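Notes follow the structure.
Since every read-out is calculated from the coordinates, none of them should be taken as a lab result. Keep in mind that this is a model prediction, so the values were computed, not measured.
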Amino acid sequence: MSNGVFKCDGIDYNVSVVGLDRNFEVADTDATGRTADWKMHRDVVGTFYNYTLKIVVKNGDYDSYNRFYSSISAPNVSHDLIVPWNSESLRFDAYVTKGKDKLVLIKNGIQRWDGLSINFIAMEPQRRA
């Protein structure tokens with residue numbers, strides 16, 4: 001991967017990753033809850049690994065940055081994502097509901113946007129109970 005960190009939908013965008021956070025959620029079914037004696041009963045589905053990606057323009061390549069922005073903001077059900085996972089890579093389908101970046105320059109009618117942050121949420125658990 002030329003950006004060295006991620007691929008999205010099989011495309012290696014020429015962008016710089018300035019932050020990659022991961023989090024996990026051990027999810028339960030609706031059958032989870034407290035019993036009459038207040039003991040917790042869990043019906044675990046599995047573990048979801050989700051990522052927050054922060055990217056910036058690499059070497060003035062606003063075209064690649066804008067292509068990634070257009071792709072990731074399209075109304076797709078999910079994206080095929082490859083991200084670091086411990087000493088390996090993790091590939092999974094993830095959905096995106098929102099992202100944000102900022103306008104950094106307007107010069108001669110040309111807009112320059114940068115600093116995109118996106119949350120990728122796993123479509124299904126990567127580890128099942």
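Which value in deg cm²/dmol, rounded to the nearest 500, describes the helix-derived mean residue ellipticity at 222 nm for the chain, given -39,500 (n - 2.57) per DSSP H run of n ≥ 4 and division by the residue count?
Rounded to the nearest 500, it is -2500 deg cm²/dmol.
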To one decimal place, what Kirkwood hydrodynamic radius in Å is obtained for region 50-116 from all pairs of distinct Cα atoms? 13.6
Pull out the extension gain between Ala129 and Ser78, defined as 0.36 nm times the separation in residues minus the alpha carbon to alpha carbon distance; nm, one decimal. 16.0 nm
Roughly what angle does helix 62-72 make with the longest principal axis of the chain, taking Cα atoms, 0 to 90 degrees, to the nearest 10? 30
Note to self: Kirkwood Rh of region 7-128, Cα pairs, one decimal, Å, is 16.5
Highest-MSF residue in the chain out of Gly60, Gly46, Gly109 [GNM, Cα springs under 10 Å]: Gly109
